[in-house]
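Report on the following structure.
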Amino acid sequence: MCNMTFEETSGDNSSERMESVAEALEEVLSSAVPQGCTTVGVYEAAKSLNADPDNVVLCLLATDDEEDVALQIHFTLIQAFCCENDINILRVSNLQRLAEILGGGKAGGEPTDLHCVLVTNPQSSLWKDPALSKVTRFCRESRCLDQWVPVINLPDR
């Protein structure tokens, strides 16, 4: 159910709102990484989604300037799966900033595939994160506006 006014969905508040959601997303990722609640990489994400989709609370699809057809096909399939399983999805621009938040984006000296990042629920139910609630609310409101995969720009720091 969508209870939004026109003022809440457009105008000057929208840029402030996007910045607020970007900050909340950074908080979510910063707290999820040390808890081991992230899955990084398109293939790893697909395996995780197939194994336990109920444990995934957020799917991030990172955009960059590459026009990789195979990657776009994977994105389409992942998006469809997430929509079918009621998993929130965000497109994230600024791959470099995403790499910084996730700890450099290198595993054993090799660049990590950051095109898809899943955030999963930790086993403890104590993780009632207000930042995650803000991101979830933003995704829900975006779906009400027929923006099924909204784009968030992570600002440089």
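Read-outs throughout are calculated quantities, based only on the coordinates presented, and are distinct from any laboratory measurement. Computed from a predicted model, the values in this text were never measured in an experiment. Glycine gets a Cβ as well: all are built from the backbone with ideal geometry, and neighbour counts include every protein chain shown.
Put one equal scatterer on each alpha carbon of the stretch 10-96, apply the Debye formula with no solvent term, and list log10 I(q)/I(0) at q = 0.18, 0.20, 0.21, 0.22 1/Å to two decimals. Taken in order of the listed q values, log10 I(q)/I(0) reads -0.91, -1.09, -1.16, -1.23. For VAL92, the residues whose modelled amide H falls within less than 5 Å of its own, excluding neighbours fewer than 5 places apart on the same chain, are LEU61, ALA62, THR63, ILE152.
Rank-order 36-42, 23-29 by packing density, defined as the average count of other C-beta atoms within 10 Å over each peptide's residues, highest first. Present the calculation step by step, with values, prior to reporting the outcome.
Working: 36-42: 18.6, 23-29: 20.4.
Highest-to-lowest ranking by the protection proxy: 23-29, 36-42.
Taking 7 Å steps out from each Cα toward its Cβ at LYS47 and GLN96 produces label points 3.1 nm apart. For ASP86 and VAL33, what does the FRET efficiency come to when R0 = 25 Å and r is the distance between their Cβ atoms, rounded to the nearest 0.05? Approximately 0.55, to the nearest 0.05. If you add up the charges near ILE101, with Lys and Arg at +1 and Asp and Glu at -1, over every other residue whose beta carbon is less than 11 angstrom from its beta carbon, what do you get? Summing Lys/Arg as +1 and Asp/Glu as -1 gives -1.
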